[in-house]
Ligand code: FES
């Protein structure tokens, strides 16, 4: 388990990206705060596998700031369940990430990983 950040590090509705790597895991993550809760997904679009944030760390679009946005081909995803509701992968979901909220700590639950600036291998989608 590794602490990524604190809930209070995010404003309500804000999304933040992390990269974790170690063992068989190599993942970019996107964490979104929803009030006193979070959602966490792997930062990998179900369309063709691009990262969502073409401009690193930017996961929302000004036009629809309540939705996650894939910059590659303009897909929009509901924050609550990761479902694409507009775009080329409509009906497909983002992959859930192994992240929990433990009190005020946002924690990645796999062991043997560390937070890195950028992953060095192909993104793994499963744990
Ligand atoms: S890769 Fe995300 S919409 Fe095409």
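Bear in mind that the values in this text are calculations on the coordinates, not laboratory data. Just so you know, these numbers come straight off a predicted model, no measurement behind them. When we count neighbours, we look across all protein chains shown, and the Cβ atoms used for this are built from the backbone with ideal geometry, even at glycine.
Quickly run through the stretch 47-68 and pick out the residues that are more than 20 Å from residue 117 (Cβ to Cβ), more than 9 Å from the ligand (Cβ to nearest atom) and touching a strand residue (DSSP E or B) at 6+ places or on another chain (Cβ under 9 Å).
Within the stretch 47-68, the subset more than 20 Å from residue 117 (Cβ to Cβ) is 47-49, 60-68.
Restricting the remaining residues to those that are more than 9 Å from the ligand (Cβ to nearest atom) gives 60-68.
60, 61, 63, 64, 66, 67, 68, listed by residue number.
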Exercise for review: For the stretch 83-99, indicate whether the set of residues that are away from the ligand (no atom under 16 Å from the Cβ) and in a strand (DSSP E or B) is non-empty.
Suggested key: yes
